[in-house]
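S.K.: What follows is a single structure, and I will ask about it in a moment.
The values are calculated or read from the model by the stated rules, or taken from the named source; none is laboratory data. Please read all numbers here as calculations on a predicted model, not as lab measurements. FYI the Cβ positions are ideal-geometry reconstructions off the backbone, even for glycines, and counts take in every protein chain you see. Calculation scope for accessible area: heavy atoms of the full protein, side chains included, ligands and nucleic acids excluded. Shrake-Rupley method; radii C 1.70, N 1.55, O 1.52, S 1.80 Å.
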Amino acid sequence: MAKDTNGYNIIGKPMAMTDARAKVTGLGKYADDLSVPGMLIGKILHSPHAHARIRSIDTSQAEALAGVKVTATGEDARNPYGILPIGHDERAFALGKALYIGDNIAAVAATTPEVAERALDLIRVDYEQLPGWFDPEESMKASSNWINEERPQNIEKEYHHVFGDPEKGFGEADFIAEERYYAGEVNQAAMEPHATLAVWEPDNRLTVHSSTQVPFYLHRTIAAVCEMPMSQIRVIKPLIGGGFGGKSEIIPLEVAACVLAKKARKPVKITYTREEVFLAHRGRPITIVYLKVGLSRAGKITAVQARVIQDGGAYCGYGPVTVLYSGALLGAIYDIANVQYDGFRVLTNKPACGAMRGHGTVNVRFAFESILDQLSHQAGLDPLEVRRRNLLKAPCITANSLRVTSYGLPECIEKVFERSGWAEKKGNLPYGKGVGMACSHYVSGAANPIIRSNMPHTTVHIKIDRDAAVTVYTGASEIGQGSDTMQVQIAAEILGVSTDRIKLVAADTELTPIDLGSYSSRVTFMAGNACLNAAKDMRDQIVAAVARKFGCAADDFEVKDGRISHKSDAGKSLSFDEAVTVALEFHGALVARGTYAPPETARGGKFKGAGVGPSPAYSYSAQVAEVTVDPETGQVRVDKIVAAHDCGKALNPLTVEGQIEGSVYMGFGQALQEDMIWKDGRLMNPSLLEYRIPATKENPEIESIIVESIDPEGPFGAKEAGEGSLAATIPAIANAIFDAVGVRINSTPITPDKILDALREKQKLASGNGANAANKPVAAGGRL
Amino acid sequence: MNKELTHLRVNGEEREIAITPNRLLLDALREDLGLTGSKRGCDDSSCGCCAVLIDGTPMLSCVALAASYEGREITTVEGLGGPGELDPVQEGYAEMGGAQCGYCTPGFMIATKALLDRNPDPTMDEIREALSGNLCRCTGYMQIYESVKYAIEKLRAKSATQAPATR
Amino acid sequence: MTLPAFRVLQPRTVEDAVRMLDEHRSDAMVIAGGTDVIPNLQMRLFTPRVLVDVKPLRELAVIEFSARQGLHIGATATLTHILETPWMRDKFAVLASAIGTVAGPLQRNMGTIGGNLCLETRCRWYNQSHFWRQSLGGCLKKDGDICHVAPGGKFCWAAWSGDSAPAFLALDAELEIASLSGTRRVPLREFYKNDGMDRIALARNELLTAVHVPAHMAGRRGVYQKLRVRDSIDYPLAGVAVAMEVDSAGICKDARVALSAVNPAPMLVTQAGESLIGRKWSLELAERVAHAAIQTGKPLTTSGSTPVYRRDMVRVFTRRALEETWKNGHGSA
Ligand SMILES: Cc1cc2nc3c(=O)[nH]c(=O)nc-3n(C[C@H](O)[C@H](O)[C@H](O)COP(=O)(O)OP(=O)(O)OC[C@H]3O[C@@H](n4cnc5c(N)ncnc54)[C@H](O)[C@@H]3O)c2cc1C
Ligand code: FES
Ligand code: FES
């Protein structure tokens, strides 16, 4: 744990989360824990067909059932919505066509869940089935029967970027590798299934309690869908049982609950089953990466060319952003001058994908770090050394116009080099055991907001009144990552008081100023900075009043340990309580504010699609995985993962380590065992029994190492900690498997049968082509 | 379906509720008794979020029919610790990062409590085994182990100070 | 997901229970720990009007061993109770090994041995929600007339997915079954019908009351090897149980090998015993038995893993289980 605290009292010291007690006593409320008198239970009717025209819907029998209060269909809320302004293609309920198995067709609100379920069976829908598109590479060849008539050839969006001169770069390469990678689809699988309680108030307002990472986008969307002014709607975020991006756009149950509540003029709660969580999805898309990378004999990456196809599902969601992140982050971690990127977001008749932890970067990183390992071996170089030879020199601007202000990757690499015993282990372990390394990086929030504007990305208010309690009003959404605690720490540090004195009111559109939401790892950087600014504003107001009272200059005073004291005259000192009284007498009211918007210089280039990728700062991670592979069963045990993460400054080392470990865990799951298995658009494993997120016994030991590069613009130097480490884990494991048994598996999850197949293939080659071929690595090509 | 009066002993208190025979203990706790600390995370009894102690043994309240557990001693997360006081297990999960989003935490604490009640000095393997029926999506489990170790230390210190008194 | 409406009957004695079953016949279903029944009811895989809750029948929770009677485990003994019986691992190594792999500790604290031996068969086209199955028009086993695993066929391939049954088969166990007309004993190997739809030879008015293992099986070496993705929670994708008696000269005196999760029934590997008895350990011998095992195990695509891989693992696990048992098996020889 980082011990250096730079003289701070609170920043940099491990602190239990401020809501920990609410959680461990079971008294904290999550959305499904809420209920109000007269509350109805809503249930959604889902499409049983992957692609079908809806000829008619008859809800009359359902409505006649005792206990059913209202039903709703597409006709009740026709306005389209979507998280991106360019992708308003969803509606509360399907109008005209159902686009995937699970699409939302209608809903009922009834007195009990049992009645509501029975009512669903009574809704008659007449469908005309249409052929479905399930394979992205097939789908993008479609000449007719498009999923969305406004998206010819089922292509939601495509981007083509060239930086530098890739052709020249490949010309300079001594080694070129070209591979196809396939990453299976994964779901956030937050332990809390989504829930929304929409309360129709007696004064015809709507109060919505929802499991959301983006209460302020939800606010806008409900206003549009329900055709109500935003001023009549209040969105409150209760405790959230994990998000990981699965709650970072508008989820169908949220609009459904509101439409039902408005129609019934009653409170309506909808809670998803786990199956519905999978059907609402918004996870990481199936990604196919055709990747070509050139390396010089000296170990310098000379050029990169990638063609990336993402299977986005039936709706736009965050799709264009995902595919842009894949391009923007692909090469920008290293010093690479020549990059060509062709990215396609394709529609298929499956649930919409979204912004899962490590949004856009994870699957291309898997491909890139795998091929780099492969090239290193081809060149006879240590893969870790190859990374060292391709580092950026910060501060700098990357080939694709990303501004890098702090760059802890070199230190991350050295840390894992030491702690993993890389030098002794790499290439020296017995057959069946191996080590592999990989790096990753991520944004600390997007420099450009989803909805373009010149308004701040986040605002924090602080109020102090006669009780001398400090109340911080923040729009930032605590989803388990510790954002509330982070802001309490910052306010307490600046105001020189203990954290007990700080009260935090968060994520309530009626009480708190706006924050764009908990996604793209923006909260510590942005809300942290806004909170820092607000706290400084408050501190300055208090100090000004105290200084005036003593007839001194404000600069003469310092704020520390609950006192405002003259730096050289011990007699001139007030306790915080006394100072607040003085300040209230002077200012009348003690209200402070802080905002944050990324600086112009961080906002990236001017080309089409340049808006996604730029961030005020980037986090970095390097990891070494150590594995044991059973060559007879193909089973892999990950013995240990050493992960070093540059988070700028660990405001709270406890939560930073928790974020690194959680990211590594999720990467481990995707690497080896998580996979949404599709058959003709039907999800074969929509359950926690069959979609296998790791449990304790197979989960690796994780050693997390904090690296602090102190970013010049981050609050106290802090950057992102919650996502960046995920992406390195998958290729680190894949590379370790290669080190262990000499086969490369280019598709995730890396299941035992793929390893066995590759080992057999390798053996065939060896016996067929003589000894030479035995040493040639074998790639088990991507599936599909 | 007719409701029947059912007597449950929850967190040391006798509670009487009118429920249908198909009422799950999890729903009885959450809906009928307002004890929403026990969570539902899955449809197929595979996640452990709903775990409660029944006569000291951790069980899944999402597979238990409430009426079948009349007369048994049921302990939920709300029954750990005393008024205003945390059980060492709760303290461990709060202090050491064992609870990130906190949704899995009640189930993990129940499993931990049962483990430490029977085995105050478990090995790492025993801890992993005891918690292997609970899923957590946030922590990567490392800080959960730290939380358990914290509780072990706390309990050890407690019994050390109590031992002379009982002698 | 909600539960369908049903009544719950709580018998006080076994007699009570069988009377209730007899009275309600096809409307009734036994529930013990409920770890299989409740999720299945939520998915509406069946909708009995009456559940007969046998869990409180303490008389059925007994676990006993005597040199004369052998091992007796009452049907409502929980898996945890069996695992924690101090002598179990020494005397019946394969059983302890198998039961230790069932689900996770929370399920084992509730799940009973009776329920484990009477589990529903499993298939990825069947163990799905009402909505999911309806979207497909059901399957042969439930609400439909097509088998999605082997289309065209009229046979249900849903896989036996319990872990204790192969161990008991390897121990040549017998079941004790009660009905109004008294109790009967049936060898376990005759209990399973190898039909995904109609898995066990148990009439609707019968109750499984106990499982017996002959006394001479005590002390047999044995082990259960299970193929699964996670090290807990997961049902088996394949399972191999071996129980063996080896004399001081290292010669096999008796042996049984049984498989799980690769057929609609748990199955003894035919000829395994004959091949092994009277022999000393050799790799070729083990390979031969492993080969016999893949003649017995016929997995189809009933789960996420491929049949080819599962078959492969039946072979590898059989050889490894034999090796482990022979060379450093648990229990006294
Ligand atoms: C997440 C999860 C994972 C699981 N993983 C595994 C696994 O890996 N391996 C495994 O073997 N099992 C597994 N199971 C299933 C189950 O937990 C165990 O098999 C358990 O032993 C079943 O016992 P039970 O008492 O809960 O059965 P119940 O659910 O009560 O009953 C199961 C079946 O047996 C019948 N039955 C029960 N008792 C009797 C009796 N005395 N007479 C006649 N019929 C009876 C019931 O009618 C029902 O058909 C899993 C379950 C879950 C929820
Ligand atoms: S809710 Fe998942 S096991 Fe009970
Ligand atoms: S803390 Fe979030 S699931 Fe465990």
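S.K.: Please verify whether B:Met124 is within 23 Å of A:Thr273 (Cα to Cα) and either away from ligand 3 (no atom under 16 Å from the Cβ) or of a type in the set (Lys, Arg) (or both), treating the condition exactly as stated.
M.R.: For B:Met124, the condition - within 23 Å of A:Thr273 (Cα to Cα) and either away from ligand 3 (no atom under 16 Å from the Cβ) or of a type in the set (Lys, Arg) (or both) - is not met.
S.K.: Give the residue that is modelled with the highest pLDDT, with candidates limited to residues of the range B:1-19 that are in a loop (DSSP other than H, G, I, E, B) and surrounded by 11 or more Cβ atoms within 10 Å (Cβ to Cβ). Before you say what the answer is, go through the steps one by one.
M.R.: If we filter the range B:1-19 for residues that are in a loop (DSSP other than H, G, I, E, B), which is where we start, we get B:1-3, B:11-12.
Narrowing the set further to residues that are surrounded by 11 or more Cβ atoms within 10 Å (Cβ to Cβ) leaves B:1, B:3, B:11.
On the way: B:Met1: 74, B:Lys3: 95, B:Asn11: 98.
Result: B:Asn11.
S.K.: So, one more: Could you please give the count of residues in the range B:20-32 that are surrounded by fewer than 21 Cβ atoms within 10 Å (Cβ to Cβ) and farther than 16 Å from C:Met1 by Cβ?
M.R.: Here the count works out to 1.
S.K.: A further question follows. Which of the residues that make up the range B:23-38 are assigned to a loop (DSSP other than H, G, I, E, B) and either within 9 Å of chain A (Cβ to nearest Cβ) or closer than 26 Å to A:Tyr691 by Cβ (or both)?
M.R.: B:Gly34, B:Leu35, B:Thr36, B:Gly37, B:Ser38, listed by residue number.
Condition check ((1) buried (at least 16 other Cβ atoms within 10 Å of the Cβ); (2) among the aliphatic types (A, V, I, L, M); (3) part of a strand (DSSP E or B)) across all residues:
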{"site": "A:Asn6", "(1), (2), (3)": "no, no, no"}
{"site": "A:Ile10", "(1), (2), (3)": "yes, yes, no"}
{"site": "A:Thr18", "(1), (2), (3)": "yes, no, no"}
{"site": "A:Val36", "(1), (2), (3)": "no, yes, no"}
{"site": "A:Ser56", "(1), (2), (3)": "no, no, yes"}
{"site": "A:Ala62", "(1), (2), (3)": "yes, yes, no"}
{"site": "A:Thr71", "(1), (2), (3)": "yes, no, yes"}
{"site": "A:Asn79", "(1), (2), (3)": "no, no, no"}
{"site": "A:Gly87", "(1), (2), (3)": "yes, no, no"}
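S.K.: Only residues that are within 6 Å of ligand 1 (Cβ to nearest atom) and away from chain B (no Cβ under 14 Å): list them for the range C:102-115, please.
M.R.: C:Gly114
S.K.: Follow-up question, since we're still on this one. A:Gly299 is checked against (1) of a type in the set (Gly, Ala, Ser); (2) in the same structural domain as A:Ser615 (by TED's automatic domain parsing); (3) crowded, with 24+ Cβ neighbours inside 10 Å and fails just one. What number does that condition carry?
M.R.: Here A:Gly299 clears every test but (3).
S.K.: Just one of A:Ala650, A:Ala695 is closer than 26 Å to C:Trp132 by Cβ and either open to solvent by less than 20 Å² (accessible area, probe 1.4 Å) or facing another protein chain (nearest Cβ under 9 Å) (or both); which is it?
M.R.: Working: A:Ala650 fails: closer than 26 Å to C:Trp132 by Cβ.
Criteria check complete, one pass: A:Ala695.
S.K.: Let me ask something else. Only one of A:Gln635, A:Gln670 is within 14 Å of chain B (Cβ to nearest Cβ), of a type in the set (S, T, N, Q) and more than 30 Å from A:Cys396 (Cα to Cα). Can you tell me which?
M.R.: Criteria check complete, one pass: A:Gln670.
S.K.: Which of the residues spanning the range C:226-236 are crowded, with 24+ Cβ neighbours inside 10 Å and closer than 17 Å to C:Arg315 by Cα?
M.R.: C:Lys226, C:Leu227, C:Pro236
S.K.: Here's a follow-up. How about the range C:277-326: which of its residues are crowded, with 18+ Cβ neighbours inside 10 Å, more than 30 Å from A:Ser687 (Cβ to Cβ) and in contact with a Phe, Trp or Tyr (Cβ under 7 Å, 6 or more places away or on another chain)?
M.R.: C:Trp326
S.K.: Checking A:Ile450 against (1) assigned to a strand (DSSP E or B); (2) touching a Pro at 6+ places or on another chain (Cβ under 8 Å), only one condition comes out false. Which one?
M.R.: All conditions pass for A:Ile450, except number (1).
S.K.: Could we say that C:Arg185 is in contact with a His (Cβ under 9 Å, 6 or more places away or on another chain), among the charged types (D, E, K, R) and either in a loop (DSSP other than H, G, I, E, B) or over 30 Å from C:Val54 (Cβ atoms) (or both) here?
M.R.: Details: in contact with a His (Cβ under 9 Å, 6 or more places away or on another chain): yes; among the charged types (D, E, K, R): yes; either in a loop (DSSP other than H, G, I, E, B) or over 30 Å from C:Val54 (Cβ atoms) (or both): no.
No: the conditions fail for C:Arg185.
S.K.: Within the range A:423-447, how many residues are surrounded by fewer than 21 Cβ atoms within 10 Å (Cβ to Cβ) and not in a loop (DSSP other than H, G, I, E, B)?
M.R.: Residues meeting the conditions: 4.
S.K.: Checking A:Thr595 against (1) away from chain B (no Cβ under 14 Å); (2) of a type in the set (Ser, Thr, Tyr); (3) buried (at least 20 other Cβ atoms within 10 Å of the Cβ), which test does it fail?
M.R.: (3)
S.K.: Next question. State which residue pairs qualify: first residue within 16 Å of A:Ser326 (Cα to Cα) and inside the range A:361-375, second residue part of a loop (DSSP other than H, G, I, E, B) in any location, beta carbons under 7 Å apart, and separation of 6 or more residues or different chains.
M.R.: A:Ser370/A:Asn746
S.K.: Mind listing whichever residues of the range C:267-312 are touching a residue at least 24 places away in the same chain (Cβ under 8 Å) and farther than 27 Å from A:Asp757 by Cα?
M.R.: Those that are touching a residue at least 24 places away in the same chain (Cβ under 8 Å) and farther than 27 Å from A:Asp757 by Cα: C:Met267, C:Leu268, C:Thr270, C:Leu276, C:Ile277, C:Gly278, C:Arg279, C:Lys280, C:Trp281.
S.K.: Select from the range B:44-59 the residues that are aliphatic (A, V, I, L, M) and without any contact (Cβ under 8 Å) to a residue 60 or more places away in the chain and write down the one among them that is farthest from ligand 1 (Cβ to nearest atom). Spell out how you get there, then give the answer.
M.R.: Going residue by residue through the range B:44-59, those that are aliphatic (A, V, I, L, M) are B:51-54, B:59.
In the following step, the residues that additionally are without any contact (Cβ under 8 Å) to a residue 60 or more places away in the chain were identified as B:52, B:54, B:59.
Numbers: B:Val52: 16, B:Ile54: 14, B:Met59: 11 Å.
Filtering first and then ranking leaves B:Val52.
S.K.: Could you grab me the full set of residues in the range C:96-112 that are more than 18 Å from C:Gly74 (Cα to Cα) and either open to solvent by less than 10 Å² (accessible area, probe 1.4 Å) or modelled with pLDDT under 95 (or both)?
M.R.: C:Gly104, C:Leu106
S.K.: Answer yes or no as to whether C:Ser232 is of a type in the set (S, T, N, Q) and within 14 Å of chain A (Cβ to nearest Cβ).
M.R.: Answer is yes for this residue.
S.K.: On to the next question. Return yes when A:Ala332 is open to solvent by 10 Å² or more (accessible area, probe 1.4 Å) and not assigned by TED's automatic domain parsing to the domain that holds A:Asp203 and no when it is not. Even if it seems obvious, please write down each step before you answer.
M.R.: On the way: open to solvent by 10 Å² or more (accessible area, probe 1.4 Å): no; not assigned by TED's automatic domain parsing to the domain that holds A:Asp203: yes.
In short, no.
S.K.: For residues that are more than 16 Å from ligand 3 (Cβ to nearest atom) and not acidic (Asp, Glu), scanning just the range B:37-57, find the one that is farthest from the chain's Cα centre (by Cα).
M.R.: Taking the candidates together, the pick is B:Ser45.
S.K.: Mind counting the residues in the range C:131-181 that are touching a Leu at 6+ places or on another chain (Cβ under 9 Å), crowded, with 19+ Cβ neighbours inside 10 Å and within 14 Å of chain A (Cβ to nearest Cβ)?
M.R.: Qualifying residue count, the range C:131-181: 7.
S.K.: What pairs can you find where one residue is in the range B:88-116 and of a type in the set (D, E, K, R), the other is within 7 Å of ligand 3 (Cβ to nearest atom), and their Cβ atoms are less than 8 Å apart, with a gap of 6+ or different chains?
M.R.: none
S.K.: Here are some residues: A:Arg563, A:Arg522. Which one is surrounded by fewer than 20 Cβ atoms within 10 Å (Cβ to Cβ) and among the charged types (D, E, K, R)?
M.R.: Values: A:Arg522 fails: surrounded by fewer than 20 Cβ atoms within 10 Å (Cβ to Cβ).
So the residue among A:Arg563, A:Arg522 that is surrounded by fewer than 20 Cβ atoms within 10 Å (Cβ to Cβ) and among the charged types (D, E, K, R) is A:Arg563.
S.K.: Is it the case, given these coordinates, that C:Val18 is more than 9 Å from ligand 1 (Cβ to nearest atom), in contact with a Gly (Cβ under 7 Å, 6 or more places away or on another chain) and away from chain B (no Cβ under 14 Å)?
M.R.: No, not satisfied.
S.K.: For the range B:39-147, which fully contained strands (runs of 3 or more DSSP E) count at least 1 residues that are within 7 Å of another protein chain (Cβ to nearest Cβ) and open to solvent by less than 10 Å² (accessible area, probe 1.4 Å)? Show your work before the answer.
M.R.: Working: elements: B:51-54, B:57-60, B:73-75.
Qualifying strands (runs of 3 or more DSSP E): B:51-54, B:57-60.
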